[in-house]
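**Q** To start, I am sharing the structure in question, which I have written as structure tokens.
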Amino acid sequence: MDDELKRKNVLDLQFQKYLTIASTSTIIAFTYFVGVGIAVLTKQVNLSDFISVGVLIVISLGILGICASLFFNAIFHLKNIPKVVKEI
């Protein structure tokens, strides 16, 4: 019984960790979109200049790629945790 309780507590901690990762990556991506939107609206980014648009695209792909990778990895683990809990 005590060992089973410890396993469930560890799984609960893992669930919280992956839930935090998923929500944080979503918040970072949303904040990035808002920041880029504000920069474009205030004309801080010149959309007619090829170099500035290219740099913006490269940075956006990097940031959003990392956020998407973390988000989907966390969601994958979140889907597996209930299956493991049922086995215990």
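Read the figures in this text as sums done on the coordinates, not as results from a lab. Only a predicted model underlies this, so the values are computations on that prediction, with no experimental measurement involved. With ideal geometry, Cβ positions are generated from the backbone for all residues, glycine too; neighbour counts draw on all protein chains shown.
**Q** Of a type in the set (Val, Ile, Thr) and without any contact (Cβ under 8 Å) to a residue 60 or more places away in the chain: is that true of Ile81 in this structure?
**A** Judged against the criteria, Ile81 is not a match.
**Q** Do any residues in the stretch 36-48 that are under 16 Å from Ile59 (Cα atoms) have Cβ atoms under 8 Å from those of residues that are surrounded by 10 or more Cβ atoms within 10 Å (Cβ to Cβ) and small (Gly, Ala, Ser), where the two are at least six apart or on different chains, and which pairs are they?
**A** These pairs meet every condition: Val36/Ser60; Val45/Ala39; Val45/Ser52; Asn46/Ser52.
**Q** Filter the stretch 1-49 for residues that are of a type in the set (Val, Ile, Thr), more than 20 Å from Asn80 (Cβ to Cβ) and within 22 Å of the chain's Cα centre (by Cα) and give the result.
**A** Within the stretch 1-49, Ile27, Ile28, Thr31, Val34, Val36, Ile38 qualify.
**Q** Let me ask something additional. Is it the case that the stretch 51-62 has a residue that's surrounded by 12 or more Cβ atoms within 10 Å (Cβ to Cβ), part of a helix (DSSP H, G or I) and of a type in the set (Ser, Thr, Tyr)?
**A** yes
**Q** Filter the stretch 1-50 for residues that are more than 28 Å from Asn73 (Cβ to Cβ) and either β-branched (Val, Ile, Thr) or in contact with an Asp or Glu (Cβ under 7 Å, 6 or more places away or on another chain) (or both); which is surrounded by the most Cβ atoms within 10 Å (Cβ to Cβ)?
**A** Val45
**Q** Would you confirm whether or not the stretch 73-88 contains a residue that is surrounded by 10 or more Cβ atoms within 10 Å (Cβ to Cβ) and part of a loop (DSSP other than H, G, I, E, B)?
**A** yes
**Q** Now for a separate question. Being without any contact (Cβ under 8 Å) to a residue 40 or more places away in the chain and closer than 22 Å to Phe15 by Cβ narrows it down to one of Ser60, Ser69, so name that one.
**A** Result of the check over Ser60, Ser69: Ser69.
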